[in-house]
Amino acid sequence: MAVGVQDRSEGYNVLLARELRDALAGAPMVAQGPMGSALMGEPCGEGVPAAAWNLEEPEAVERWHRRYIEAGAQVLITNTFQASRPALDRDRIDASVATVNRSAVDCARRAAVDGVEAPFLLGSIGPCGLDWIGDEDETRIRARAAYAEQAQALLEGGVDGLLLETFTTIRHVEPALEAVKEVCCGMPYLVSFAVGRSGDLLGIDVNIEAAVLFAEQQGASAVGINCCPLETASSVASRLVDTARTPTMIRPNAGAPHRDRDGALIWDEDPGALAKQASVWADAGIALIGTCCGYSPRATWAIADALDARIRTAR
């Protein structure tokens, strides 16, 4: 390992990262729900880029993290899904990548106070929005650099691991994995794909089995799916567990939103149905269960309650 890379890890949460790895190998854990759709429901929140909240209204970000903790979340996820340099430029956010991402980490860490057991914290990294043709394409090189910059900002900010999420093709996750491996210095990184009903990645006809194997070959500490309907997650769960050699995770979404009488966006979540599936997934061996777009802390509570009931029944 190069000296510069080795020195870079001195400020990382190495001990908590080890605890996170051990926890993922143990009893199923509850991940928090979405930040983007939650913030859209705030007054005048629709149309405001999620990353901007970290700087302009950090109290709101902190408040949503705390709601998820109070609902039973054991793993928080930073509000940084679209906080790489290309995404910030697209959303006209001039602040540095380090400033935006570290502010998001601080929001999550402040939420775990007042005697509440501090949950683990994953730094969210989503697709940067750049596209390219070949491996030597200048745009691909820019994408890789953008992922490395964001990953380092999150790790230096204090996360316990990274979450590459909602990737729809192996081609687009590849530079992200290359970048993360460069800066992680042994810290865990989890990889989650968006899939369709057939279990194929949304962006290209590659099945979840191939995606899981690829991510694990690239050093992923855990693999999974997110931002798919509940029924899709349920149909893919067994395939995910059967293929993976690392811990697995599932975080479905609540479907497409619609507007209420006042014009506000709402999602028709069904916490009861989610809770039933959470028990099934836990029995199947899924390590981390949470929710994605459209779900609320009610759903997080339903998952936590279902997993607690499962433990009580086992006793």
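The values are calculated or read from the model by the stated rules, or taken from the named source; none is laboratory data. Here the structure is a predicted model, which means the values were calculated and not measured. In this analysis, Cβ positions are derived from the backbone assuming ideal geometry, glycine residues included, and neighbour counts consider all displayed protein chains. To get the accessible areas, we keep the full protein, side chains included, count just its heavy atoms, and leave off ligands, DNA and RNA. Shrake-Rupley method; radii C 1.70, N 1.55, O 1.52, S 1.80 Å.
Computed quantities for the displayed model
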{"item": "Lone unmet requirement of (1) among the aliphatic types (A, V, I, L, M); (2) without any contact (Cβ under 8 Å) to a residue 40 or more places away in the chain; (3) in a loop (DSSP other than H, G, I, E, B) for residue 15", "result": "(3)"}
{"item": "Boolean, residue 183 is buried (at least 18 other Cβ atoms within 10 Å of the Cβ), closer than 21 Å to residue 132 by Cα and either out of contact with any Phe, Trp or Tyr (no Cβ under 9 Å at 6 or more places or on another chain) or not hydroxyl-bearing (Ser, Thr, Tyr) (or both)", "result": "no"}
{"item": "Residue 251 vs. criteria basic (Lys, Arg) and under 18 Å from the mean Cα position of the chain (by Cα)", "result": "yes"}
{"item": "Conditions (1) surrounded by fewer than 23 Cβ atoms within 10 Å (Cβ to Cβ); (2) farther than 23 Å from residue 16 by Cα; (3) not basic (Lys, Arg): number failed by residue 54", "result": "(1)"}
{"item": "Filter result for residue 141 (of a type in the set (A, V, I, L, M), modelled with pLDDT of 95 or more, over 24 Å from residue 49 (Cβ atoms) and open to solvent by 10 Å² or more (accessible area, probe 1.4 Å))", "result": "yes"}
{"item": "Selection count where residues are basic (Lys, Arg) and either touching a residue at least 60 places away in the same chain (Cβ under 8 Å) or surrounded by fewer than 15 Cβ atoms within 10 Å (Cβ to Cβ) (or both), scope the stretch 92-109", "result": "1"}
{"item": "Some residue of the stretch 50-73 being farther than 18 Å from residue 300 by Cα and in contact with a strand residue (DSSP E or B) (Cβ under 7 Å, 6 or more places away or on another chain)", "result": "no"}
{"item": "Of residues in the stretch 262-291 being within 18 Å of residue 69 (Cβ to Cβ) and not small (Gly, Ala, Ser), the one most open to solvent (accessible area, probe 1.4 Å)", "result": "271"}
{"item": "Single match in 180, 159, 191, 212 (criterion: under 18 Å from the mean Cα position of the chain (by Cα) and part of a strand (DSSP E or B))", "result": "191"}
{"item": "Residue pairs meeting the criteria (Cβ under 7 Å; at least 6 apart or on separate chains; first farther than 16 Å from residue 96 by Cα, in the stretch 142-159; second assigned to a helix (DSSP H, G or I) and small (Gly, Ala, Ser))", "result": "144/179"}
{"item": "Test: residue in the stretch 238-245 that is touching a strand residue (DSSP E or B) at 6+ places or on another chain (Cβ under 7 Å), open to solvent by 30 Å² or more (accessible area, probe 1.4 Å) and farther than 27 Å from residue 173 by Cα", "result": "no"}
{"item": "Residue 89 being open to solvent by 20 Å² or more (accessible area, probe 1.4 Å) and farther than 24 Å from residue 228 by Cβ", "result": "yes"}
{"item": "Pairs where the first residue, in the stretch 249-275, is under 30 Å from residue 191 (Cβ atoms) and touching a residue at least 40 places away in the same chain (Cβ under 8 Å) and the second is acidic (Asp, Glu) and open to solvent by less than 60 Å² (accessible area, probe 1.4 Å), C-beta under 9 Å, 6+ apart", "result": "251/165; 254/269"}
